1. In whole Å, how far is the Cα centre of region 150-175 from that of region 15-84?
2. Of all DSSP beta bridges in region 77-208, what percent run antiparallel (nearest 5)?
3. Just to be sure I understand: of the beta bridges DSSP finds with both ends in the chain, what percent are antiparallel, rounded to 5?
4. Just how large is the dipole of region 197-248 about the Cα centre, in debye to the nearest 20, putting +1 at every Lys and Arg Cβ and -1 at every Asp and Glu Cβ?
5. Looking at the chain as a GNM with Cα springs under 10 Å, which of Leu113, Leu155, Leu73 has the largest mean-square fluctuation?
6. Restricting to lysine pairs 8 or more places apart or on different chains, what number in the chain have Cα atoms under 19 Å apart?
7. Under the rule of at least 5 residues apart or a separate chain, name every residue whose amide H is placed under 5 Å from the amide H of Gly109.
8. Can you compute the helix-only [θ] at 222 nm over the chain? Use -39500 (n - 2.57) per DSSP H run of at least 4 residues, normalise by all residues, nearest 500 deg cm²/dmol.
Amino acid sequence: MSETKISPLASVDPHAEIGAGVEIGPFAVVEAGAKIGDGSILHPHAVVRYGSTLGKGCVIHPGAVIGGVPQDLKFQGEDSTAVLGDYTTVRECATVNRGTASRGTTVVGSRCLLMAYSHIAHDCILGDQIIIGNATQIAGEVEIDDHAIISGGVLVHQFVRISQHVMIQGGSRVSKDIPPYVLVGRDPLVYCGINIVGLRRREFSNDQIFLINDIYRTLYQRGLNNSDALEIIQLEYVDCYEKNLILDFVRTSKRGIVRGTME
């Protein structure tokens, strides 16, 4: 691993933990208690605040702020954290706030991309390999699972759950839970089919894609209410991970899932 390089114009608190091979550019700020993983790069004017932990190989671009104080009036200065996994990139002026007493932490997983001006609010939990588009705003305590793609300019309401392998159209307003494998868009937001392109890119088989598509036809296009549709799906479809993930998500949704175009 290359030598650690810290610009003499950077402000790095001596009580911060800096890993091997880290690069910190001019006017970047690393506060006391922050932890920077091996091989990470902080571009000029990047800010990593108290309570933040960066995994190895993270890249923080100019103007981005990790671990900012939560924008929540209930926050009383309690100790909390913001954690980024390995090889996550945060682009220009994006922000990740740390947690509150509710969960105590905000987590962004590994190999995620947070594009410019996006915002991850307090107590959010993001999985791995997630893409958050430019200027997308994620409110507090939102959960987003692996491989989700949230396009630019999306507004996500607090407490919403977004499952894995989801694609959300740019400019959408998300106030309902988004079940796995689906494509959602339009205004107001509706189910638009399954994320076939994303599933193929992630090497789902034709049989898996057909099954997922057929399950969602039953859920959204047969004119059934959710309870009846879930019962039919449980009885008529082969037991497998994809089916059980969909059923569990819909059954445990507290906000209700995004509606279909037939509703």
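The values are calculated or read from the model by the stated rules, or taken from the named source; none is laboratory data. For clarity, every value in this text was computed on a predicted model and none was experimentally measured. All Cβ positions, glycine included, derive from the backbone under ideal geometry; neighbour counts span all protein chains shown. The accessibility values were calculated without ligands, DNA or RNA, using every heavy atom of the protein model including side chains. Shrake-Rupley method; radii C 1.70, N 1.55, O 1.52, S 1.80 Å.
1. The distance from the Cα centre of region 150-175 to that of region 15-84 comes to 25 Å.
2. 10
3. Details: 3 of 56 bridges.
Approximately 5 percent, going by the DSSP bridge assignments.
4. Values: 6 positive and 9 negative charges, 67 e Å.
Dipole about the Cα centre, nearest 20: 320 debye.
5. Comparing Leu113, Leu155, Leu73 in a Gaussian network model of the chain, the most mobile one is Leu73.
6. 4
7. Gly85, Leu126, Gly127
8. Numbers: 4 runs with 44 residues, N = 263.
Using -39500 (n - 2.57) per qualifying helix, the result is -5000 deg cm²/dmol.
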